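What follows is a single structure, written as structure tokens, with notes after it.
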Amino acid sequence: MRLRILHFLLMVVVGLAAMNAVAEAPANSETKVVMLGTGTPNADPERSGPAVAIVVNETPYLVDFGPGVVRRAAAMSPAYGGSINGLAVENLKVAFLTHLHSDHSAGLPDLILTPWVLERDEPLQLYGPEGIEEMSSHILQAYEADIRYRIDGLEPANERGWQVDAHVLDDGVVYEDENVKVEAFRVQHGTWENAFGFRFTTADRVIVISGDAAPDANIEEYAQGADILIHEVYSDSGFARRDEIWQKYHSTNHTSASELGEIASRSKPKLLVLYHVLFWGSSEETVLDEVRQQYDGDVVLAKDLDVY
Ligand SMILES: [Zn+2]
Ligand SMILES: [Zn+2]
């Protein structure tokens, strides 16, 4: 089949997905938060692009897919010595995008195509802000020759796993199944138009993820009493070493460690997890201290592949 025709099969659903009734979660429900990528646009080899997997009863739900996402998931799977079956590459089927910035989304071709090549046999369910359909259809166009070759050639590739069901996000409940309810809420990220945070509610945990955000009242509200708040941050002392032009950019687009300490002390998550950290020469301990000056709860600075 010609891919031009196949493009029409790209199932794009504009608006909210139809919600199923909440099913009963299994009694022994278990949620793990796996920090697949804790980085920023900086190409730190120790920190892949931002990506978090919420794994509920061995079903993974991704938030963001920065560069490296599929290999970081593979690292946690039994095939490569890990212990989380849910992160076997072919299980990567549902993903949520906070915003279309490249550091959070440059892994999308990888997430669409690699699990398919490794035998995922259903379309990727992709939830993201306005523009998500165009981003995925353009990626499929760019890889048209590859997809055709795998389907029409000798490779026993399936016909469905390369497809994308793209769903445009808005505020409110955007996804619900027997494992999880996912709510999206808008966050301020400079003048970027559509940036969201997410709250995941499972049978045993509530997890809130900021995405990229300046200090935001919505995050505080959604994170009230959460088990885990995963929040971006930059170092106050590092910031002081930046020049004025950059300071203006960072202070309107992102959240400083001291500001985050204040946010956390008001919303009181059981655990605050720092990721997407802009250090600018500060150490991990310094960033943690800068948060702790305003916040006396539990806080950790995540590394790639940390599990909470
Ligand atoms: Zn951003
Ligand atoms: Zn970012």
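So how do 256-267, 284-295, 190-201 stack up, highest first, on mean other-Cβ count within 10 Å?
256-267, 190-201, 284-295
Determine the gain in length on full extension of the stretch Arg71-Glu178; use 0.36 nm per residue of separation and subtract their C-alpha separation, reporting nm with one decimal.
35.8 nm
Leaving out ligands and nucleic acids, and using a 1.4 Å probe, what accessible area per residue does the chain come to in Å²?
On a per-residue basis, the chain sits at 43 Å².
Carbon and sulfur atoms: what percent of the 1.4 Å accessible area of the chain do they account for?
Answer for the chain is 51 percent, counting heavy atoms of protein chains only.
Percent relative contact order of the chain, based on C-alpha pairs within less than 8 angstrom and at least six residues apart?
Over the chain, the number comes to 17 percent.
Could you tell me what % of all Cα pairs in segment 104-188 have separations over 19 Å?
45 percent
In whole percent, what relative contact order does segment 229-288 give with Cα contacts below 8 Å and a gap of six or more residues?
60 percent
Out of Ala79, Gln247, Ile228, whose Cα points farthest toward the positive end of the dipole of the chain (charges: +1 Lys, Arg; -1 Asp, Glu; placed on Cβ)?
The residue sitting farthest along the positive end of the dipole is Ala79.
Lys and Arg at +1, Asp and Glu at -1: add these up for the other residues within a Cβ distance under 13 Å of Phe239 and post the number.
Summing Lys and Arg as +1 and Asp and Glu as -1 gives -2.
Would you calculate, for the chain, the mean residue ellipticity at 222 nm contributed by helices, counting each DSSP H stretch of 4 or more residues as -39,500 (n - 2.57) and dividing by all residues, to the nearest 500?
Rounded to the nearest 500, it is -8000 deg cm²/dmol.
Roughly how big is segment 75-164's charge dipole about its Cα centre, with Cβ charges of +1 (Lys, Arg) and -1 (Asp, Glu), in debye to the nearest 20?
In debye, rounded to 20, segment 75-164 gives about 220.
Let a ≥ b ≥ c be the square roots of the eigenvalues of the Cα gyration tensor of the chain; is it rounded (a/c under 1.5), or, if not, prolate (a/b larger than b/c) or oblate?
prolate
The values are calculated or read from the model by the stated rules, or taken from the named source; none is laboratory data. Computed from a predicted model, the values in this text were never measured in an experiment. Note: ideal-geometry Cβ built from the backbone for every residue, glycine included; neighbour counts use all protein chains shown. Surface areas here come from the heavy atoms of the whole protein model, side chains and all, with no ligands, DNA or RNA. Shrake-Rupley method; radii C 1.70, N 1.55, O 1.52, S 1.80 Å.
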